[in-house]
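No lab work stands behind these numbers, since they all come straight from the coordinates. Everything quoted here is computed from the prediction, not taken from an experiment. Neighbour counts are summed over all protein chains in view; Cβ atoms, including those assigned to glycine, are modelled from backbone coordinates with ideal geometry.
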Amino acid sequence: MKYLRVSVTEACNLRCRYCLPEGDLGQYAPHKVTLTDEEILTVVEALAPVGIEKVRITGGEPLLRKGVPALIRRIVETPGIREVTMTTNAFLLGRHIEELKKSGLHRINVSLDTLDPQRFYEMTRRHAFTTVMEGIEAAETAGFTPLKVNAVVVKGVNDADVVPLAGETLRRPWQMRFIELMPIGQARTLWPHGFMSMEEMMAQIRAAYGEPEPVPVPESETAKVFRLPGGIGTLGFITPMSKHFCGTCDRLRLTANGTLRPCLCDAAEVNVKSILRSGQDPEEVRQQIRQAAQKAAQMKPYSGVEQSVRSGARTMAQIGG
Ligand code: SAM
């Protein structure tokens with residue numbers, strides 16, 4: 001395992017219909033059950049010597065957690081960690097971009113499912129499109145390039161956005177990544193009619209722009225990457241459902257309330273909060289966290305999740321997407 005995805009909060013400021021229900025955050029983890037900065041750092045420090053070299057900060061919406069840039073800086077400074085990245089919906093990005101740049105954060109992925117302000121509202125239930133686009137601009141101006149822009153495609157909702165979003169790569173150096181909808185959280189109610197496969201997206205893109213050319217990527221890369229004829233950016237496809245990448249998946253997830261989760265699509269989890277709060281000697285705590293991570297790694301599925309997505313009761317925002 002090389003890659004740890006850390007969910008720093010379950011809270012979110014958007015309510016994407018395929019992810020979260022409308023309403024307050026009452027069902028989410030209150031402060032005292034959410035890991036503290038020190039606890040997150042203890043997990044990172046315990047796992048860096050046994051192979052974790054990349055950390056992604058996610059959520060919920062990570063920028064809703066107070067002091068995230070300071071936490072990022074400390075993770076960046078942890079020996080053995082080579083890369084720290086963040087996934088955000090960009091709503092608060094403009095406000096925090098300077099601190100994030102100073103924190104040493106290496107890359108930012110933003111989520112953007114549509115270029116149409118009205119559809120953005122319908123999908124997220126929030127009038128946030130303009131602020132999100134300003135956040136994206138701010139990230140590019142601050143030098144977070146090339147930006148990875150993630151769109152979840154839901155048939156009958158934003159499939160008409162595939163072509164215009166792909167077209168952005170003709171004029172912007174984005175990696176525009178299309179993500180297959182997974183039957184997790186609210187998406188269960190859209191399943192299977194809302195599912196759109198990479199092949200279906202590709203057919204639309206091919207018809208509009210001609211044959212995209214494959215771009216070679218490292219084996220651990222989850223996206224299949226292409227370039228449009230004449231494109232300055234690239235297209236990526238994340239295909240957890242139609243062509244799984246379980247065999248090369250090298251990631252673990254740390255949920256905001258302190259469990260290690262081997263797989264997004266499987267409810268199995270290993271509790272580390274009880275270890276962190278056991279009051280034991282710090283070296284003993286680190287040792288037990290390493291054992292917990294080893295157990296989690298051994299629980300990872302190898303053969304795909306198409307047949308049985310058992311994500312349990314958690315939404316993507318709770319697991320850390
Ligand atoms: N709030 C941040 C953001 O929007 O990027 C980080 C967390 S969000 C849960 C991470 C990603 O998960 C987003 O790109 C979101 O669209 C995606 N996501 C949520 N539910 C999903 C589902 N059922 N299938 C596929 N992707 C999903």
Residue (of ALA187, PRO218, THR9) at the positive-pole extreme of the chain, dipole from beta-carbon charges: THR9
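Might you report the magnitude of the Cβ-based charge dipole of region 1-133 about its Cα centre, with Lys and Arg at +1 and Asp and Glu at -1, to the nearest 20 debye? Could you put the intermediate results ahead of the total?
Details: 19 positive and 16 negative charges, 41 e Å.
The calculated dipole for region 1-133 is roughly 200 debye.
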Trypsin sites (Lys or Arg not before Pro) restricted to region 168-227 and DSSP loop, no more than 11 other C-beta within 10 Å: ARG171
Using +1 at the C-beta of Lys and Arg and -1 at the C-beta of Asp and Glu, which of SER103, GLY135, ILE319 has the Cα lying farthest in the positive direction of the dipole of region 3-319? ILE319
Starting from the Cα of LYS273, draw a straight line to each of the lysines and keep only those under 17 Å, dropping any in the same chain fewer than 8 residues away. LYS32, LYS295
Straight-line reach check, LYS101, cutoff 18 Å on alpha carbons, 8 or more apart in-chain or any other chain, hits among lysines -> LYS54, LYS66, LYS148
Restricted to the chain, the DSSP antiparallel beta bridge percent, nearest 5, is 25 percent
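Between beta-carbons, use under 14 Å as the cut-off and find the net charge around MET176, counting Lys and Arg +1, Asp and Glu -1.
Numbers: positive: LYS148, ARG171, ARG172, ARG177, LYS224, ARG227; negative: ASP113, GLU140, ASP161, GLU168.
That sum, taken over residues with Cβ under 14 Å, equals +2.
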Exposed loop sites here are GluC sites (Glu not before Pro) in DSSP loop states with at most 16 other C-beta atoms within 10 Å. What is the longest stretch of the chain lacking them? 78-218
For region 105-144, which trypsin sites (Lys or Arg not before Pro) are both in a DSSP coil and crowded by at most 10 other Cβ atoms within 10 Å? none
For region 245-256, what does the Karplus curve 6.51 cos²θ - 1.76 cosθ + 1.60, with θ = phi - 60°, yield as ³J(HN,Hα) per residue in whole Hz, taken in order and with x for Gly and Pro? 10, 4, x, 10, 6, 10, 10, 10, 10, 10, 7, 4
Taking just the alpha carbons, could you work out the radius of gyration and Dmax for region 3-319, both in angstroms? 19.0, 62
Charges at C-beta only: +1 for Lys and Arg, -1 for Asp and Glu. How large is the resulting dipole of the chain about its Cα centre, in Debye rounded to 20? 340 debye
